[in-house]
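Note sheet for the following structure.
FYI, it's all coordinate maths here, none of it is from the lab. Predicted, not measured: the structure shown is a model, and the values here were computed from it. All Cβ positions, even for glycine, are placed from backbone atoms using ideal geometry, and neighbour counts span all protein chains on display.
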Amino acid sequence: MGKRGRVAERRKTRPAVVGGVIAVVVGGVGFGAYALYGGGAAADEGSSTSAAQKAKAVRTGPLSATEVRTTAEHFLTAWQQGKVTQAAAATDDSAAATALLTGYAKDARIKGVTLTEGARTGAKVPFSVKATVSYKGTSKPLTYDSALTVVRRAEDGKPLVDWHSAVVHPDLKDGDTLVTGESGTPPVTALDRDGGKITAAKYPSLGTVLDGLREKFGKTAGGRAGVELRVVRGTSSKSAKSSDKTLLELSKGTPGEVKTTLSPTLQAAAEQQVSERKRASVVVMRPSTGEILAVANTSHGFNTAFQGSLAPGSTMKIVTSTMLFEKDLTSPGASHPCPKKYKLAGWTFHNDADSEIKQGTFKMSFGASCNNAFINFAPKLSDSDLTKEAQQVYGLGLNNWAIGVPSFDGSVPVQSGAQMGASLIGQGGVRMNPLNMASVASTVASGVFHQPYLVSPTVDHRTLAKASRTMSSKTQAELKEVMQYTAAYGTAAKAMAGLGPGYGAKTGSAEVDGQKKPNGWFTAYRGDLAAAGVVQAGGHGGDTAGPIVAALLKTGG
């Protein structure tokens, strides 16, 4: 039968109403929906249609409200009715959609799905999900909110759901799956250093930390697994060190206990501090041991404090200064101007607000965070000097920290030319997070790198990372001198007021492409406490992250 015959035959099929859209269903595929999107008989004639006619038929431009509504309704109605093939066909990645939607019913054991569309905003359509999860005679209701976005397919202009796993559940990343069954990992009860119970309800920042503790210690902490619906991370999420996540408990297991080093006083204070600013993260630790006493983030979906990878700005000048002092290239009191501009390998570097120090010491440049007083040392350095300093003295960038939960250990790649110069001031390819920079301040305070940890290595007999060498007492004294000067008289003075004299600090501002304000950094120590924080897109570190860090050092612990 020719194509014209097939089209004529389809037209004899009675129309049905699906989600308020008239659609003709043939073999489980909505032909009427296809016609609605600009297809139909003429488009089905294939070879008899000229290229010019086809090009003319392709819709372009913004999606209409009708296109968004009908596409969303078609997808949501098919999903609710369990018509996986039809739902997947309404997306721009039918294979991935088919796999996840099939697993939604088969592996996650979710049934009785009711999807309720919310108020649309442009091409975005929010919706709520009500369903039931059942496993071996046990059932529990499941409710959550999600959203989809409609896009226009480039080749034919057809509106489709922009497919990502998060459409099915907002906690899913692409490649993740949903599974209901007996948990492979028993639950854990996390305790603070005083034996108090840690919960995400009490400390919202610790949700990802609790997930990480369960993944690491669940099988060895003495608990028994229960039955749950959980997110099982895929390859991409595992590469990002994301842990599996429990979404719904059908039956409770027996948790084991894991004691952490967290201070209840400091953790509560850290949660309060970050809640007062957008996109803030902070870590507090003990220099003499490496114990992590608090970790908090404004946003609770990703642990920036432990896993972030951000340019640290001028806080990196602590590591740079360590290198310069060890090489006897300068000293705190050495005369060293900071020019307004400095050219290196075709780049022109500027100081903040084009400031300069014509007749001053290195300590003054450190305290004022004057960039070019550091970059103009570049011709005297090899490309790998900063990388070696970070690795050998501060234990950074070796990917071998074992703190008890997933963490990023910093990165100081070998670079040349202008990029090497930028690295000296914490830009270029240098990447850190508050955990890394709190460790840097801790190393200065104690004179020795103690790998940070959240769970004592005696719990599982793991080996903590060690630095290959220790800075000299002379270098430590010089670092303390410049950091104390900064805390007393430099860019950190306002935040650190009243915390002296046994203290030191360094501010930082890291420029980010496309961001109006820089990320504000601050790291400091006081006695046997050290802390570091970042406020993304907040502005200067002394004004943004500085008050957070200073408040926690004042709290003590």
Query raised in the report: Taking Cα centroids, how far is segment 65-92 from segment 376-438 in Å?
Result: 48 Å
Query - Dipole of segment 394-486, positive direction: furthest Cα of Thr470, Gln415, Gly397, with charges on the beta-carbon - result: Thr470
Report task. Calculate, in nm to one decimal, what Ser288 and Asp460 gain on full extension: separation in residues at 0.36 nm each, minus their alpha carbon distance. Result -> 59.8 nm
Query raised in the report: So what's the angle, to the nearest 10 degrees on a 0 to 90 scale, between helix 473-489 and the longest Cα principal axis of the chain?
Result: 70 degrees
Requested in this report: Would you mind computing Rg(Cα) / (2.2 N^0.38 Å) for segment 265-555, counting N as its residues?
Outcome: 0.91
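What's the local net charge at Asp528, with K and R +1, D and E -1, over the other residues with C-beta under 11 Å away? Walk me through the intermediate numbers first.
On the way: positive: Arg286, Arg526; negative: Glu291.
Once all neighbours under 11 Å are counted, the net charge is +1.
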Report summary line: In degrees rounded to 10, the 0-90 angle between helix 317-326 Cα long axis and the longest Cα principal axis of the chain is 40 degrees
Requested in this report: Convert each backbone phi in segment 515-531 into a coupling constant with the Karplus relation 6.51 cos²θ - 1.76 cosθ + 1.60 (shift: θ = phi - 60°), then list the ³J(HN,Hα) values in order as whole Hz, x for Gly and Pro.
Outcome: 10, 5, 10, x, 6, x, 10, 7, 9, 7, 9, 8, x, 9, 10, 9, 8
Query raised in the report: Considering only Cα-Cα distances, which of the following residue pairs are longer than 31 Å: Lys158/Lys238; Lys278/Lys327; Lys158/Lys517; Lys317/Lys358; Lys173/Lys494?
Result: Lys158/Lys238; Lys278/Lys327; Lys158/Lys517; Lys173/Lys494
Query raised in the report: What are the ³J(HN,Hα) values, in whole Hz, obtained from phi via the Karplus relation 6.51 cos²θ - 1.76 cosθ + 1.60 with θ = phi - 60°, for each residue of segment 129-137 in sequence order, with x given for Gly and Pro?
Result: 10, 10, 7, 10, 9, 10, 8, 6, x
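Considering Cα pairs under 8 angstrom that are at least six residues apart, work out the relative contact order of segment 190-332 and quote it in whole percent.
Reported as a whole number, the value is 23 percent.
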Query raised in the report: Taking GluC sites (Glu not before Pro) as exposed when DSSP calls them loop (any state but H, G, I, E, B) and at most 14 other Cβ atoms lie within 10 Å, what is the longest stretch of the chain free of them, the sites themselves excluded?
Result: 277-510
Report summary line: With the convex hull built on the alpha-carbon atoms of segment 77-118, volume per residue in Å³ sits at 71 Å³
Report task. List the residues whose amide H sits under 5 Å from the amide H of Leu262, counting only those 5 or more places along or on another chain, with H placed 1.01 Å from N in the peptide plane. Result -> Arg193
Report summary line: Note on the chain: C-alpha Rg/Rh, Kirkwood Rh, two decimals, gives 1.09
Requested in this report: Assign unit charges at the C-beta atoms only (+1 for Lys and Arg, -1 for Asp and Glu), then state the dipole size of the chain relative to its Cα centre in Debye, rounded to the nearest 20.
Outcome: 1080 debye
Requested in this report: Determine, from the Cβ-Cβ distance of Lys252 and Asp156 and an R0 of 56 Å, the FRET efficiency 1/(1 + (r/R0)^6), rounded to the nearest 0.05.
Outcome: 0.65
Report summary line: Between Lys238 and Thr348, Cβ-based FRET efficiency (R0 51 Å, step 0.05) works out to 0.75
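What net charge is computed for the residues neighbouring Thr254, neighbours being all others with C-beta under 14 Å from the C-beta of Thr254, Lys and Arg scored +1, Asp and Glu -1?
Combined, the nearby Lys, Arg, Asp and Glu give 0.
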Query raised in the report: Net charge near Arg152, counting Lys/Arg +1 and Asp/Glu -1 over other residues with Cβ under 11 Å of its Cβ?
Result: -2
Query raised in the report: So what's the projected area for segment 205-317, the Cα convex hull averaged over all directions, in nm²?
Result: 9.2 nm²
Report task. For helix 207-217, report the angle its Cα long axis makes with the longest principal axis of the Cα atoms of the chain; keep it between 0 and 90° and round to the nearest 10°. Result -> 90 degrees
Report summary line: Phi angles of segment 242-254, converted by Karplus (6.51 cos²θ - 1.76 cosθ + 1.60, θ = phi - 60°) into ³J(HN,Hα) in whole Hz with x for Gly and Pro, give 8, 8, 4, 9, 7, 9, 7, 9, 8, 8, 6, x, 9
